[in-house]
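Engineer: Can you read through this structure? Questions will come right after.
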Amino acid sequence: MVAGLSVKRICKAFPDATGAMGFPVLKDISFDAKPGEFISLIGPSGCGKTTLLRIMHGLDTPTSGTIFSRDKKINAPAHDRAFVFQHFNLFPWRTVADNIGYGLEVRGDDRSARQDVVRKMVSLVGLNGFEKHYPHEISGGMQQRVGIARALSLNPDILLMDEPFGALDAITRERLQRDIADILARTPKTTLFVTHNMDEAIYFSDRILVFGTKPGRIVEEVIVPLQRPRQADVIRGSREFADLREHLWSLLSREMDL
Amino acid sequence: MLTYWRKRLPDVTLHLGVLLLWEIACRTVIPPMFLPPPSAIVAAFAETSRTGELWTQLRQTLSVLSVGFGLAAVTGVIVGVAMGTSKTLSRFLDPYVNAMNAMPTVALVPVVIIWLGLGYEAKVFLTWLVSFFSMVISAQTGVQNIPFSYLDTARAFASNRWAIIRMVVLPAAIPFIVSGIRIGLGRALVGVVVAEMFTALSGLGYMLTNYGNTFKINFVFVPIVTLAILSIVLNSCLQWAEKKLTPWNRGRNH
């Protein structure tokens, strides 16, 4: 069973120009992610959802509060969690295969084991034939496939994705969404997913945490009762989908200065 | 191949024209003591390579250059990367490195002679001294300017400090490091010649001084032209090495 995650009373403030703690970016965030659960964090820009995701991975430190996984406090990145960046963050000097294998190499897996995993990951994300290409030689969608394969190669318990489709065009986004949904259905992970796309949040999630801004806080927890497996085109036409979307929209528009 | 030469033909013609004008000017208005015609320089080349003098002296210069510059490149990159990765180290060493880099290091020739005498070691040390600091600064700058996202990504995959240096910092800084090495090479060439002229005379520096003192101006141009060619050849080698080292950079900067 994969590990869950427990977020307890997280606050985050950045020091202002005088060095004093400024206005809080995140105020008193608490929730639990059950093992295998898919949770989306949705909210307007500046609500601190990316900061929270980074804190959950140990990339940033909270001002107060703690995060636990398997009863252990998280304070630095580790290989049982993996992070997918909005802007892919591939290393331009590494080929597709070497980028995918980066985490494995850091973890100290030996070469032949690495090659096996990388080969599997390459076909999992559909990049066969591009192993020796450099990032600048492939499209944005393919680059994010590499970013996702790099994260999945570690076979992490917890997957943290920061707007992974945010930098992609609509068609690429849609194709990649379906592929990722397929992959996650086959190898379940506890997934935390930052987005500000409502359709995407509904399509993927078991639960959606809607964030408000100033200070960043959870305004409502929305359960997504849609059956799995979900087919994007089928659920989008359904009554429940429309209701959920309507509800999310009313919550979000209240939080945005419209 | 044929089209290559056809494309270059106008350029080649132009440069041959310049040489021709130079030759004519020297035979008509410019006194030969002032500037020798190309034909006289070619003759001096033929003479010095026939007697073997050119090759002997070139070998000496290359020996000093390769040892002094080679050591400077290796030590400069190591110190520069160390300074780039350690704030404490760079805070402590920055003033010294910047001062040494800003100072015309040839001013230290008398000091080096007092320390090491007039021999081979003094020349190697001077070459090292003249080129070392610019390579330290380039490597340091390269490391300090690595985009945050690379380091962030490395950290996100729980890379330890050594893995970050080896797998992220060094490859990311390579373009800076190589351009620093190229600047260093230019300085090292100056260093060698200065060393050869101001310590025990040797190499191409010896040819410059010796033929200058005896007013054989066409012979003075032999080491001058040789140094120019040497500089161009070594620079092209470094450019080639840079391309080989950074295949991922192709189509980005070039």
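The values are calculated or read from the model by the stated rules, or taken from the named source; none is laboratory data. No experiment lies behind these values; they were computed from the predicted model shown. No Cβ is skipped: glycine too gets one built from the backbone with ideal geometry, and neighbour counts run over all protein chains shown.
Engineer: Working only within region B:228-254, note down all residues that are touching a residue at least 40 places away in the same chain (Cβ under 8 Å) and over 30 Å from A:Glu137 (Cα atoms).
Structural biologist: B:Leu230, B:Ser231, B:Leu234
Each row is one residue, and each column tells you yes or no for (1) exposed (fewer than 14 other Cβ atoms within 10 Å of the Cβ); (2) modelled with pLDDT of 95 or more.
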residue: B:Pro31; (1), (2): yes, no
residue: B:Ile41; (1), (2): no, no
residue: B:Val64; (1), (2): no, yes
residue: B:Val67; (1), (2): no, yes
residue: B:Val74; (1), (2): yes, yes
residue: B:Gly80; (1), (2): no, yes
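Engineer: Sticking with this one: Considering region B:160-180 alone, what residues qualify as being polar (S, T, N, Q) and either in contact with a Ser or Thr (Cβ under 9 Å, 6 or more places away or on another chain) or within 12 Å of B:Ala139 (Cβ to Cβ) (or both)?
Structural biologist: The one that is polar (S, T, N, Q) and either in contact with a Ser or Thr (Cβ under 9 Å, 6 or more places away or on another chain) or within 12 Å of B:Ala139 (Cβ to Cβ) (or both): B:Ser179.
Engineer: Considering only residues of region A:208-224 that are outside any strand (DSSP E or B) and in contact with a Lys or Arg (Cβ under 8 Å, 6 or more places away or on another chain), which is nearest to A:Glu240 (Cα to Cα)?
Structural biologist: A:Val224
Engineer: Please go through region B:116-170 and give me each residue that is within 14 Å of chain A (Cβ to nearest Cβ), of a type in the set (A, V, I, L, M) and either farther than 16 Å from B:Val77 by Cα or assigned to a helix (DSSP H, G or I) (or both), ordered by number.
Structural biologist: Matches in region B:116-170: B:Leu151, B:Ala154, B:Ala156, B:Ala158, B:Ala163, B:Ile164, B:Ile165, B:Met167, B:Val168, B:Val169, B:Leu170.
Engineer: Residue check: is A:Met161 within 30 Å of A:Ser6 (Cα to Cα) and without any contact (Cβ under 8 Å) to a residue 60 or more places away in the chain?
Structural biologist: Spelling it out, it is not the case that A:Met161 is within 30 Å of A:Ser6 (Cα to Cα) and without any contact (Cβ under 8 Å) to a residue 60 or more places away in the chain.
Engineer: Tell me which residues, restricted to region A:180-195, are under 15 Å from the mean Cα position of the chain (by Cα) and either without any contact (Cβ under 8 Å) to a residue 40 or more places away in the chain or closer than 21 Å to A:Ser123 by Cβ (or both).
Structural biologist: Across region A:180-195, the qualifying residues are A:Ile180, A:Ala181, A:Ile183, A:Leu184, A:Pro188, A:Lys189.
Engineer: Pull up region A:158-174, narrow it to residues that are under 13 Å from the mean Cα position of the chain (by Cα) and within 14 Å of chain B (Cβ to nearest Cβ), then point me to the one that is modelled with the lowest pLDDT.
Structural biologist: Filtering first and then ranking leaves A:Pro164.
Engineer: Quick one: which residue in B:Ile177, B:Ile224, B:Ile232 is assigned to a helix (DSSP H, G or I), closer than 22 Å to B:Leu71 by Cβ and either at pLDDT 95 or above or hydrophobic (A, V, I, L, M, F, W, C) (or both)?
Structural biologist: Of the residues listed, the single one that is assigned to a helix (DSSP H, G or I), closer than 22 Å to B:Leu71 by Cβ and either at pLDDT 95 or above or hydrophobic (A, V, I, L, M, F, W, C) (or both) is B:Ile177.
Engineer: Could you go through region B:243-252 and let me know if any residue there is within 14 Å of chain A (Cβ to nearest Cβ), in a helix (DSSP H, G or I), among the charged types (D, E, K, R) and more than 30 Å from B:Phe34 (Cα to Cα).
Structural biologist: Looking through region B:243-252, at least one residue is within 14 Å of chain A (Cβ to nearest Cβ), in a helix (DSSP H, G or I), among the charged types (D, E, K, R) and more than 30 Å from B:Phe34 (Cα to Cα).
Engineer: Any chance region A:111-124 includes a residue that's surrounded by fewer than 23 Cβ atoms within 10 Å (Cβ to Cβ), among the polar types (S, T, N, Q) and within 23 Å of A:Leu59 (Cβ to Cβ)?
Structural biologist: No, region A:111-124 has no match at all.
Engineer: Write out, first by first residue and then by second, each pair whose Cβ atoms fall under 8 Å of each other, whose residues are 6+ apart or on separate chains, and whose first residue, in region A:101-112, is more than 7 Å from chain B (Cβ to nearest Cβ) while the second is part of a helix (DSSP H, G or I) and polar (S, T, N, Q).
Structural biologist: Partner pairs satisfying both residue conditions: A:Gly101/A:Gln115.
Engineer: Restricting to region A:71-83, and then to whatever is under 14 Å from A:Ile55 (Cα atoms) and not in a loop (DSSP other than H, G, I, E, B), can you tell me which residue is farthest from the chain's Cα centre (by Cα)?
Structural biologist: This residue is A:Lys73.
Engineer: Follow-up question, since we're still on this one. Condition first: part of a helix (DSSP H, G or I), more than 12 Å from every other protein chain (Cβ to nearest Cβ) and crowded, with 23+ Cβ neighbours inside 10 Å. Can you find one or more residues in region A:88-98 that meet it?
Structural biologist: no
Engineer: For A:Leu26, are the conditions met, namely being part of a helix (DSSP H, G or I), within 16 Å of A:Phe211 (Cβ to Cβ) and touching a Lys or Arg at 6+ places or on another chain (Cβ under 9 Å)?
Structural biologist: no
Engineer: Only one of these conditions is not met by A:Gly43: (1) under 15 Å from the mean Cα position of the chain (by Cα); (2) within 14 Å of chain B (Cβ to nearest Cβ). Which number is it?
Structural biologist: The failed condition is (2).
Engineer: Is it true that some residue in region A:113-125 is assigned to a loop (DSSP other than H, G, I, E, B) and either within 16 Å of B:Arg155 (Cβ to Cβ) or within 13 Å of chain B (Cβ to nearest Cβ) (or both)?
Structural biologist: Looking through region A:113-125, none of the residues is assigned to a loop (DSSP other than H, G, I, E, B) and either within 16 Å of B:Arg155 (Cβ to Cβ) or within 13 Å of chain B (Cβ to nearest Cβ) (or both).
Engineer: Something else now. If I go through region A:131-146 residue by residue, how many of them are more than 14 Å from chain B (Cβ to nearest Cβ) and of a type outside the set (A, V, I, L, M)?
Structural biologist: Matching residues across region A:131-146 total 5.
Engineer: Scanning for something surrounded by fewer than 19 Cβ atoms within 10 Å (Cβ to Cβ), closer than 23 Å to A:Met1 by Cα and in contact with a Phe, Trp or Tyr (Cβ under 9 Å, 6 or more places away or on another chain), does region A:56-72 turn up at least one residue?
Structural biologist: no
Engineer: Yes or no: region A:95-117 includes at least one residue that is out of contact with any helix residue (DSSP H, G or I) (no Cβ under 9 Å at 6 or more places or on another chain), at pLDDT 90 or above and hydroxyl-bearing (Ser, Thr, Tyr).
Structural biologist: Taking every residue of region A:95-117 in turn, at least one turns out to be out of contact with any helix residue (DSSP H, G or I) (no Cβ under 9 Å at 6 or more places or on another chain), at pLDDT 90 or above and hydroxyl-bearing (Ser, Thr, Tyr).
Engineer: Quick check on this structure: which one of B:Val194, B:Val136 is under 30 Å from B:Val111 (Cβ atoms) and modelled with pLDDT of 95 or more?
Structural biologist: B:Val136
Engineer: Okay, next question. So A:Arg81 passes all but one of these: (1) at the interface with chain B (Cβ under 8 Å from one of its Cβ atoms); (2) over 24 Å from B:Ala173 (Cα atoms); (3) not β-branched (Val, Ile, Thr). Which condition number does it fail?
Structural biologist: With (1) at the interface with chain B (Cβ under 8 Å from one of its Cβ atoms); (2) over 24 Å from B:Ala173 (Cα atoms); (3) not β-branched (Val, Ile, Thr) applied to A:Arg81, the lone miss is (1).
Engineer: Separate question: Which of the residues that make up region A:224-237 are surrounded by fewer than 13 Cβ atoms within 10 Å (Cβ to Cβ) and either within 22 Å of the chain's Cα centre (by Cα) or among the hydroxyl-bearing types (Ser, Thr, Tyr) (or both)?
Structural biologist: A:Pro225, A:Gln227, A:Arg228, A:Pro229, A:Gln231
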